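So the structure is just underneath, and the comments pick up after that.
Every read-out reported here was derived from the displayed coordinates using simple, explicitly stated rules and does not represent laboratory data. Quick caveat, the model's predicted, so the values are computed rather than measured. Reconstructed Cβ throughout: ideal geometry from the backbone, glycine too, with neighbour counts over all protein chains shown.
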Amino acid sequence: MKYKYKLVILLMATALIGGCRNVNLTEGIESFRAQDYRRAFIRLKPEAEKGQPDAQYAIGYMYYYGQGVIEDRRKAWFWINKAASLRQKDALAAVQILNQGTMEKRKIFESADLQHFPVHKDMY
């Protein structure tokens, strides 16, 4: 009987911890869509550090354009590349564009197919 209680408590704790992670991701994406980039960065950075590819891509975007943070192309490349290594489709497209050597001349996200990223394409 004690085993069942421990199992129930463990399952509840796991669900609770997982729920907190989803709240950060959801609130971060909502803030990003609302163009509240500082709040989005605060919410998404921990998720990016935990390996969430959509959060990594968004953090890279914010660093690239200086949205909510000081513009830093090296950090942008780091996060976009991390997301691409996890097969995040928009990050893969951005890496391909960045590798063309046109980083200073065009927006890297302008021609990327952003349908897979949970942010509206018209924001770019």
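Here is the result for region 28-72: no trypsin sites (Lys or Arg not before Pro) lie in DSSP coil with at most 11 other C-beta atoms within 10 angstrom of their C-beta. Working note: Karplus 6.51/-1.76/1.60 with θ = phi - 60° gives region 77-88 the couplings 4, 4, 6, 5, 5, 4, 5, 5, 5, 9, 6, 5 Hz, where Gly and Pro are set to x.
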